[in-house]
Amino acid sequence: MSKSDRLFRLLHLIRGLTPPVTAARLAGAMEVSERTIYRDIDALRAAGARIEGEAGVGYTMTEDPALPPQTFTQLEIEALVMGLSEVQSRGDAALSEAAADALIKITATLNERQQRQAAHAVNLVHRFYEPEVPQVDMTVLREATWTETALDISYSDAEGRRSERRIYPLAIVYLDHRVMILAWCCLRHDFRKFIADRIVEARRTDESFRPRRVPLLRDHIAQLKAQGKSR
């Protein structure tokens, strides 16, 4: 790997990994020594990259519009087009529109050759079935999850029994045919999975559960994995 390729790879890692990223972690990912990481960070800073942090603490990338745009390989372009096409076909109206807009913005930053690659991608998305479309406003669910705010929901189970619950929404999962909400249920004092098209109504509350979403979600996923292994 050339030095320029190594520097771009290092930028990509600092951008993508949860900050602050230690030199040891970067060195492991790059398969180089920590001394090389320190030298390369100095080189990136000299070139204008705004990288905050220091040895022993970790590093954080502060995006700078003066930096050159990122380039993509043809396979990365295919992955972007395919992923955003999947969101357009699978998401609710607002999410689908956002995916289409994102693809337009990304494509506009590419050079002419890469724009042709994006326009004529070989990996396409098509589904022979129409997934269930939740009647609840998905924007409310997304914003509550982003802001870590509790929701009061009216929920109808598989037998049509209706209940009122307060939940802490942790994640929105898109399954093959349905959308599922992973949440902490305040009524049951436990983790629960709610099918989005069975949520009759979702109402915002003033209760914040910040900063509990990430650790709760981590525990919920660990529980689901343990249940899957026991079957």
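The values are calculated or read from the model by the stated rules, or taken from the named source; none is laboratory data. Predicted model only: the values in this text are computed from it and were never measured. Virtual Cβ from ideal backbone geometry, glycine too; neighbours counted across all protein chains shown. Protein only, heavy atoms only, side chains kept; ligands, DNA and RNA dropped before computing areas. Shrake-Rupley method; radii C 1.70, N 1.55, O 1.52, S 1.80 Å.
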Tail fraction, Cα-Cα pairs, segment 14-54, threshold 12 Å, whole percent
58 percent
Which part of segment 160-204 falls in the paramagnetic zone of Ser154, meaning amide N under 18 Å from the point 7 Å along Cα-to-beta-carbon?
160-167, 195-204
Hey, rough spin-label estimate for Glu112 and Val173, points 7 angstrom out along Cα→Cβ, what's it come to in nanometres?
4.8 nm
Taking the dipole about the Cα centre of the chain, with the C-beta of Lys and Arg at +1 and of Asp and Glu at -1, give me whichever of Ile104, Ala94, Ile167 is farthest to the positive side.
Ile167
Report the full-extension gain for the segment Ala102 to Ala79: residue separation times 0.36 nm, less the Cα-Cα distance, to one decimal in nm.
6.9 nm
Treat each spin label as a single point 7 Å out from the Cα along the C-beta direction, and report the Asp206 to Arg15 distance in nm.
4.2 nm
Solvent exposure ordering (accessible area, 1.4 Å, most first) of Phe72, Phe209:
Phe72, Phe209
Ordered by number, the GluC sites (Glu not before Pro) in segment 93-184 that occupy a DSSP loop and have at most 11 other Cβ atoms within 10 Å are Glu159
Roll a 1.4 angstrom probe over the protein heavy atoms and tell me the percent of accessible area of segment 1-105 that is carbon or sulfur.
57 percent
As I understand it, the value is the acute angle between the Cα axis of helix 74-90 and the longest principal axis of the Cα atoms of the chain; what does it come to in degrees, rounded to 10?
20 degrees
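Using the 2.2 N^0.38 Å rule of thumb for compact globular proteins, work out how the chain stacks up: its C-alpha Rg over that value, please.
Against the compact-globule rule of thumb, the ratio is 1.26.
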Quick shape summary for segment 102-231, equivalent ellipsoid via Cα gyration tensor, semi-axes whole Å in descending order, reads 33, 18, 17
Show Trp184, Trp146 ordered by accessible area, largest first, where the area counts protein heavy atoms only and the probe is 1.4 Å.
Trp146, Trp184
Between Arg39 and Thr147, what length in nm is gained on full extension when 0.36 nm per residue of separation is reduced by their alpha carbon distance?
35.0 nm
In degrees from 0 to 90, rounded to the nearest 10, what is the angle of the helix 93-108 Cα long axis to the longest principal axis of the chain?
10 degrees
Working with all protein chains in place, sort Arg127, Arg210 by solvent-accessible area computed with a 1.4 Å probe, largest first.
Arg210, Arg127
Helical mean residue ellipticity (222 nm; -39500 (n - 2.57) per DSSP H run of 4+; nearest 500) of the chain
-14500 deg cm²/dmol
For segment 9-108, take every pair of Cα atoms, bin their distances at 10 Å starting from 0, and report each bin as a whole percent.
14, 35, 27, 20, 4
Relative contact order of the chain, defined on C-alpha pairs under 8 angstrom at six or more residues apart (%):
13 percent
Hull volume per residue for segment 164-231, using the convex hull of the C-alpha atoms, in Å³ is 105 Å³
Give me the angle, in degrees from 0 to 90, between the Cα long axis of helix 3-16 and the longest principal axis of the Cα atoms of the chain, rounded to the nearest 10.
20 degrees
